[in-house]
């Protein structure tokens, strides 16, 4: 049996989490690993922030504290998206400073914790970014050979600015981001 | 909760605190200055570590290895601290946000050095060394530009790497002003306009000029009982007179208050003109350094050059100050109009 080499242990990038491989495998090359780690970091940087916001948004006004947020991301992404735990807090602080989220101290199990929730402005920005991200992934499906099914009964994506509009909210006539009259467009598309 | 307390034995706590201390040391200075934000951040990370330990140990008392494992999952102190330095939009080693301040700093320092070089050039020409004067002016300006650019660029690259933004240099008043603008829905592009006529400063200027002028005119305070050269006494008296005139002109502006901007401009112009009379006074001392009082006590030839140089620099500052005062006089009306428009924005 060829020698098995162990590397990494539950760290930030996917490639770093690969624990076993053959000596002549491509990822045995340090240069290859360094290059792909860098690339993964670039991809994950924006997506991590979006994932954090998605979880916070789901909690509504109740909010969620840092550790629970991290655990939920790992759970929802089946341990694919794992954030380096200490670096999540600078991201949260920046989002708070940008007015996207807000924090309030609450005592939970005898310990004071910062609970994060979305602001009104944050919700608007989030919907816009999610709309953009969703339409982007959908547009890449033929290039990348992936299948994307959009929940068209629940959400509508503004054809002008890609803002994600929740159709479950009654009487949404205009896109909140750009003001486009979406009712007529929805009727035509039906 | 109790299981957590069992994990928090003194050795484990010490280990966690050491890690937090390492993070704190690596953080940028702008964050360390904000004590409450810093403490919040470190408390949050500490709570996170204890939560992680609880998860690893399933509520059982933690060994040091388990504490180390929990801390390892947080990332290195450098990595955490670097995320806080990741502020500002990269431009060319200096962030986009700091770029305008950087350019402004370069312009100010270069202007000061240019003026000093020009003053030196004037004196060299007056001494009859035209060729040398031109060469010294050109090389002086070049060297000044290179050295000042290098130093200021280094400073701003350092600030950019630490994640500093212009808001970190704002005073409390400026921050409060920005908050007010935000609440009123005024866009961020609106710069705060200050009243160019500051009565407090004018009163202070008037009183200090009058007192200093009176002291020079009368030499009523002479604690060391120095015997002054008659020519130097005349120099002091003329200087005193100029200061008194300046004090009176400042007082005139106080009386005008916020009215008659033209009146202010006239008084400012007179102040500039009388201020220029310091130049011939300075030239008298430069050409006759022996009249300076120290020569009565210490008779050392080398001090001649020092006194002459000192008064040359003094004249340089008089010229520079006159240029600045002239600019302020010329722009007084436009600045006052902008100030009133800005003030009305808040009252409407």
### Task
Tell me the helices (runs of 4 or more DSSP H) entirely within the stretch A:7-102 that contain at least 1 residues that are surrounded by 13 or more Cβ atoms within 10 Å (Cβ to Cβ) and at pLDDT below 80.
A:30-59
### Summary
Checked B:163, B:88 against criteria (in contact with a strand residue (DSSP E or B) (Cβ under 6 Å, 6 or more places away or on another chain), buried (at least 16 other Cβ atoms within 10 Å of the Cβ) and part of a loop (DSSP other than H, G, I, E, B)); the one match is B:88
### Filtered residue count, the stretch B:36-72, keeping only those that are more than 9 Å from chain A (Cβ to nearest Cβ), in a helix (DSSP H, G or I) and out of contact with any helix residue (DSSP H, G or I) (no Cβ under 8 Å at 6 or more places or on another chain)
3
### Query
Taking the stretch A:106-127, which residues are surrounded by 11 or more Cβ atoms within 10 Å (Cβ to Cβ), out of contact with any strand residue (DSSP E or B) (no Cβ under 6 Å at 6 or more places or on another chain) and within 14 Å of another protein chain (Cβ to nearest Cβ)?
A:108, A:111, A:121
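When the residues of the stretch B:73-85 are filtered to those that are within 7 Å of chain A (Cβ to nearest Cβ) and assigned to a loop (DSSP other than H, G, I, E, B), which remaining residue is nearest to residue B:158 (Cα to Cα)?
Among those residues, the one meeting the criterion is B:75.
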### Query
Is it the case that residue A:165 is within 11 Å of chain B (Cβ to nearest Cβ) and either in contact (Cβ under 8 Å) with a residue 40 or more places away in the chain or assigned to a strand (DSSP E or B) (or both)?
no
### Query
Looking at residue A:130, is it surrounded by 20 or more Cβ atoms within 10 Å (Cβ to Cβ) and away from chain B (no Cβ under 11 Å)?
no
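From the list B:52, B:104, B:85, pick out the single residue that is over 23 Å from the mean Cα position of the chain (by Cα) and at pLDDT 85 or above.
It is B:52.
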### Query
Would the stretch B:269-288 turn up any residue that is at pLDDT 80 or above and over 19 Å from residue B:238 (Cα atoms)?
yes
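The values are calculated or read from the model by the stated rules, or taken from the named source; none is laboratory data. Since the model is a prediction, treat every value here as computed from it, not as a measurement. Glycine gets a Cβ as well: all are built from the backbone with ideal geometry, and neighbour counts include every protein chain shown.
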